[in-house]
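Contents: one structure, followed by commentary.
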Amino acid sequence: KKLMEKISNQLIKKNGTLISFEYQFQNSSYKMDNAIIGKLALFANNQYYLEFDNSKIIQIYNGDILKTILKEEQEIQLDNIESDSNLLIQNILNNYQSNFDISIINKNKSKKIIQLVPKNRYNEIHNICIQELKLPDCLQMPNQCKIGIKKEDTRLLKECINEKGGYKEDKILKIEITVDNKSLVPEQINQFNKYNGNTSIQINEIIDTNDSILTIDSLLYQDFEISSSSSDSKIILL
């Protein structure tokens, strides 16, 4: 966890960090012929800039509106999204403590491999089981009190949740991050899912950037069609 904290602090800064990477995906029936080149800028306030497939697709999230620029289609899509990002790298760096069990599975003189396994997540069945077993109400999600319960109660709670199908399915089996020992810079991130899928992100360069990358030049895209899920989004863009 301390190592992940150092990595997170290094990559998510107020003024932004720009990561150049190569993206590859494969599963049992498909494998990409060539890696997709991309750039990702991360900021401390959840804002990000993502450039994909040689700038054919650009996404900019300013903390309020997600702007997706499709250059070949000459279109800009505007969407309201939740503050929690689904970006693989950003999700790991923001939620490694709450969402994953962390361990170092391999290390040598030059590198370490950190493994993150998603924790079981509960739905509303968890609270129903708390009530049925007459456990303290404050154990209910989402704001659980930090009191201990007996081993027998823990066992009964797990059985109740399993019987009622109370776990949310997580397609991710594990994530592995290869890190340089000296610089603590991630070199590669692999995500494995339940359907033999493997997403690989090879990190080539990490440099400082600034929030000007989050600004769209309206003259550059003045002929693009704008589609929006909110009537107010055009005002925000322009």
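Things to note:
- Mean ellipticity per residue at 222 nm, deg cm²/dmol - from DSSP H runs of n ≥ 4 across the chain, formula -39500 (n - 2.57): -6000 deg cm²/dmol
- Solvent-accessible area per residue for region 11-53 (1.4 angstrom probe, square angstrom): 52
- Once the C-beta distance of GLN10 and SER218 is scaled by a Förster radius of 45 Å, the resulting FRET efficiency is 0.85 to the nearest 0.05.
- FRET efficiency, 1/(1 + (r/R0)^6) with R0 25 Å, evaluated for CYS138 and LYS158 via beta carbons: 0.85
- Qualifying trypsin sites (Lys or Arg not before Pro) in region 1-109, where qualification requires a DSSP coil assignment and no more than 13 other C-beta atoms within 10 Å, comprise LYS1, LYS14, LYS56, LYS109.
- Only Cα pairs under 8 Å and 6+ residues apart enter the sum, and on that basis the relative contact order of the chain stands at 24 percent.
- Semi-axes of the equivalent ellipsoid for the chain, Cα gyration tensor, largest first, Å: 36, 25, 18
- Proximal lysines relative to LYS164, as straight alpha-carbon distance under 17 Å, when same-chain residues fewer than 8 apart are discounted: LYS134
- Maximal additional length on extending the ILE149-LYS194 stretch stands at 13.0 nm, based on 0.36 nm per residue less the C-alpha distance.
- Over 29 Å (Cα to Cα) - which of LYS14/LYS107; LYS31/LYS112; LYS112/LYS158; LYS67/LYS182; LYS56/LYS111; LYS150/LYS194 fall in this group: LYS14/LYS107; LYS112/LYS158; LYS67/LYS182; LYS56/LYS111; LYS150/LYS194
- Against the criterion of solvent-accessible heavy-atom surface with a 1.4 angstrom probe, CYS138, CYS129 sort, most first, into CYS138, CYS129.
- Degrees separating the helix 151-163 axis from the principal Cα axis of the chain, which is the longest one: 60
- Extension gain, VAL185 to MET32, is 52.5 nm, computed as 0.36 nm per intervening residue step minus the present C-alpha separation.
- Phi to ³J(HN,Hα) by Karplus 6.51 cos²θ - 1.76 cosθ + 1.60 over region 216-225, Hz, x for Gly, Pro: 8, 7, 4, 5, 5, 10, 5, 9, 7, 6
The values are calculated or read from the model by the stated rules, or taken from the named source; none is laboratory data. Please read all numbers here as calculations on a predicted model, not as lab measurements. Glycine also receives a Cβ, built like all others from the backbone with ideal geometry; neighbour counts cover every protein chain displayed. The protein model used for the area step is the full one, side chains on, heavy atoms only, and it has no ligands, DNA or RNA in it. Shrake-Rupley method; radii C 1.70, N 1.55, O 1.52, S 1.80 Å.
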